[in-house]
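The values are calculated or read from the model by the stated rules, or taken from the named source; none is laboratory data. Values in this document were obtained by computation on a predicted structure and should not be read as measured data. Ideal geometry is used to build each Cβ from the backbone, glycine not excepted, and the neighbour counts take in all protein chains shown.
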Amino acid sequence: MPVGLAQPTPTAAEIQGLFDRIAPVYDRLNERLSFGLHRVWKRMAVRWSGAAPGHTALDVCCGSGDLALMLAHQVGPSGRVCGVDFSAELLRVAEMRSHRTYRSAPLQWLQGDALALPLEAHSVDAATMGYGLRNLTDIPQGLAELRRVLKPGASAAILDFHRPQGRLAEQFQRWYLDVLVVPTAEGMGLTDEYAYIGPSVDRFPIGSEQVALAHQAGFERAVHYPIAGGLMGVLVVGR
Ligand SMILES: C[S@@+](CC[C@H](N)C(=O)[O-])C[C@H]1O[C@@H](n2cnc3c(N)ncnc32)[C@H](O)[C@@H]1O
């Protein structure tokens, strides 16, 4: 599964270094640790972003490009997709994948900061962010930037882990992280990188808090949908 932060208060440079290091195995780990389900959740996020043929779409914290590639399929040849991430190594993987998938893709990969997006205001029809918000050093600023680039009336869907509210689901998530995720990552030589995924989920605002933060960032619409038994969630925001 997507990783958490390496330290309680890591700097942006430390986060960038962490994702550059895991780039070679990131896709394989995601697939194995979610039993392929991350693709189902990502398809839901693409649907809820409202992306449609001809749209200009954005995937923030695109990593190796899963969501951006799905958006490209959704917007079609008359649309355009931009994937933004600050990890050069993950962007390299994304670029290779897009060349394999599309001969002339409406896709652009940009190395940039989610806290200062390299895009003009009101230039995007639909946006996604997958497992990125939890890793931002400044969540309110990340939401404000997302809002800045969206056109009036446009939506964004933000997929991430969620802290389930029921005791059983909470215990299951703890077991999943401690018994499955961390040891699997250890087996691939990524002990430190994955050891703090639990704390990063603990620190991450729950659905109602995400909705409040979205309103504070100026979004007119904000709804959080728990999925996968509440273990994951999609925050859908709009302006
Ligand atoms: C867990 S990965 C998720 C990648 C991809 N969206 C996915 O779902 O597979 C988090 C991504 O966020 C990126 N990231 C974290 N903070 C960022 C920032 N401030 N600006 C740009 N990218 C950032 C990392 O480089 C990494 O690719």
- Condition met for Ser87 (farther than 22 Å from Phe204 by Cβ and of a type in the set (Ser, Thr, Tyr)): no
- Message: Just the residues that are in a strand (DSSP E or B), within 16 Å of the ligand (Cβ to nearest atom) and surrounded by fewer than 21 Cβ atoms within 10 Å (Cβ to Cβ), please, taken from the range 133-174.
- Response: none
- Task: Could you tell me which residue of the range 113-132 is nearest to the ligand (Cβ to nearest atom), considering only residues that are of a type outside the set (A, V, I, L, M, F, W, C) and surrounded by fewer than 20 Cβ atoms within 10 Å (Cβ to Cβ)?
- Result: Asp113
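Count, please, the residues in the range 57-71 that happen to be within 8 Å of the ligand (Cβ to nearest atom), not in a helix (DSSP H, G or I) and not small (Gly, Ala, Ser). If you could, list the steps in order and put the result at the bottom.
Step one: list which residues in the range 57-71 are within 8 Å of the ligand (Cβ to nearest atom), which gives 59-67.
Add one more test, that the residue is not in a helix (DSSP H, G or I), and what stays is 59-65.
Remaining after also requiring not small (Gly, Ala, Ser): 59-62.
So the count comes out to 4.
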- Note on the structure: Being of a type in the set (Gly, Ala, Ser), within 15 Å of Arg163 (Cβ to Cβ) and in a helix (DSSP H, G or I) narrows Gly233, Gly198 down to just Gly198
- Task: With the checklist (1) out of contact with any Asp or Glu (no Cβ under 7 Å at 6 or more places or on another chain); (2) surrounded by fewer than 24 Cβ atoms within 10 Å (Cβ to Cβ); (3) among the acidic types (Asp, Glu); (4) modelled with pLDDT of 90 or more in hand, flag the one item Asp85 doesn't pass.
- Result: (2)
- Message: Quick check on my filter: what residues within the range 74-117 are part of a loop (DSSP other than H, G, I, E, B) and closer than 20 Å to Phe19 by Cα?
- Response: Phe86, Ser87, Gly112, Ala114, Leu115, Leu117
- Task: Test Ser104 against the stated conditions and say whether it is at pLDDT below 90, over 13 Å from the mean Cα position of the chain (by Cα) and more than 22 Å from Leu190 (Cβ to Cβ).
- Result: yes
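Go through the range 40-59 and give me each residue that's small (Gly, Ala, Ser) and surrounded by 16 or more Cβ atoms within 10 Å (Cβ to Cβ).
Step one: of the range 40-59, the residues small (Gly, Ala, Ser) are 45, 49-52, 54, 57.
Ala45, Ser49, Gly50, Ala51, Ala57, listed by residue number.
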- Note on the structure: Cβ pairs under 8 Å, 6+ apart or interchain, first in the range 157-185 and closer than 28 Å to Ala68 by Cβ, second part of a loop (DSSP other than H, G, I, E, B) and aromatic (Phe, Trp, Tyr), ordered by first then second residue, are Leu159/Tyr131; Asp160/Tyr131; Asp160/Phe204; Phe161/Tyr131; Phe161/Phe204; His162/Phe204; Arg163/Phe204
